[in-house]
Amino acid sequence: MAYIGNQYNHLEKDLYKAPTVFSSGSTSLDTANDKESVVSDCESGVSGPCFDQPSLCNNGLIQLCSGDKAHDLITRRFLSNLGSMAVHIKDLTIQKNCFAGVTWQARLQSFQIFNKAMEKKCGGGGDANVKYAWCATTRDEVCKIVEHGFGHCGLPKNSGLYGHGIYLSPDDSPMESVKNAVADKNGVRYLMLCRVILGKAELVQPGSKQCHPSSDEFDSGVDDLSSPKKYVVWSTHLNTHILPEFIVSFRATSSLKGFLGMQDRLKMPTSPWISFPALISALSKYLPPTAMNLISKYYRDHKDKKISRHELIQLVRQFAGDKLLIAVIKSSRTKQYRHK
């Protein structure tokens, strides 16, 4: 089975032009306009005419201001898809990658060539399944990617749960990336809005070690065929199938930080009744050895500060599921209560 989405809007077919609109598949310009009223009350508090933030890099990025078509559309899309959490976003800044220099012009041309090749591969009908998608990153990673493109020196960190590559979230699910965006010393978080050639996507199971398509039939990966929350661009396709067009930076209020922490606690209840080592021991009675080996590895990665607590929780949830986790924790609580 594979997942193939709709082609991006006809306004963006000329990939040589500087991007000025934001639309892809079901998240079209018309859809964004319909949602404009949802965020109209909080937009003014998020970004002024042109929020003054120091340039991320020496060159390659241009700051967009309120009134610019791309700026306003991305802002509306981002905030509307955050729902009630949009009011907790402040100091929103959008910068555009101007693809300066010969190297970036070559990458831009390469993206177009691969896009056309994908159209032919997918039947010649013109559907290369190009989407806009969010990617959580850091300030340092942004600069490396703008200067050198995607590569091991500038590859955003991820859990590795779905193989080796870059994980992105669909444009209508920015919260997936917001949760993984690490604030810098000034409290600023960074997301990249990328254009991605997905082609024919295959389902990738948690724990996969995949680093390229499993066969010539496929081009990318997803975590769910019907409603993907993660797109996986394989490490073999980093500089040909993904184009970082915009950098969105923002600060989050303490309420949003609290909400993200609360999500962890609600989605995988942690409590004083059970420690992670005890949880791992309990889960080993129900999960296969391959899954337990990966959970143990991710726990060690967390102890070594390679992944965050939030990432660890999400990884454990992927393998065990919330029902089993809740049952194990309740069972532990009952046993401890009886021993009192």
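Nothing in this text is a laboratory measurement; each read-out follows from the coordinates by a stated rule. Remember, it's a predicted structure, so these values are computed and weren't measured experimentally. Note that each Cβ is placed from the backbone with ideal geometry, even for glycine, and that neighbours are counted across all protein chains shown.
Simple spin-label estimate for His212 and Lys90 gives 4.9 nm between the two label positions (7 Å along the Cα-to-Cβ direction from each Cα).
Counting neighbouring beta carbons within 10 Å and listing from fewest to most, the residues Arg300, Arg195 come out as Arg300, Arg195.
Packing, as the average of other Cβ atoms within 10 Å across residues, places the peptides 292-298, 197-203 in the order 197-203, 292-298, highest first.
Give the peptides 206-213, 176-183 in descending order of average Cβ contacts within 10 Å, highest first. The partial results should precede the final answer.
Details: 206-213: 14.8, 176-183: 19.5.
Taking the mean over residues of other Cβ atoms within 10 Å, the ranking is 176-183, 206-213.
By the beta-carbon count within 10 Å of each Cβ, the least crowded to most crowded order of Val102, Val146, Val188, fewest first, is Val102, Val188, Val146.
Quick one: if the Förster radius is 56 Å, what FRET efficiency do Ser284 and Ser110 give, using the C-beta to C-beta distance and rounding to 0.05?
0.75
Among Asp72, Asp219, Asp322, the ranking by other beta carbons within 10 Å of each residue's beta carbon, starting with the fewest, stands as Asp322, Asp72, Asp219.
If the segment from Asn239 to Lys323 were pulled out straight at 0.36 nm per residue, it would be longer than the present Cα-Cα gap by 26.2 nm.
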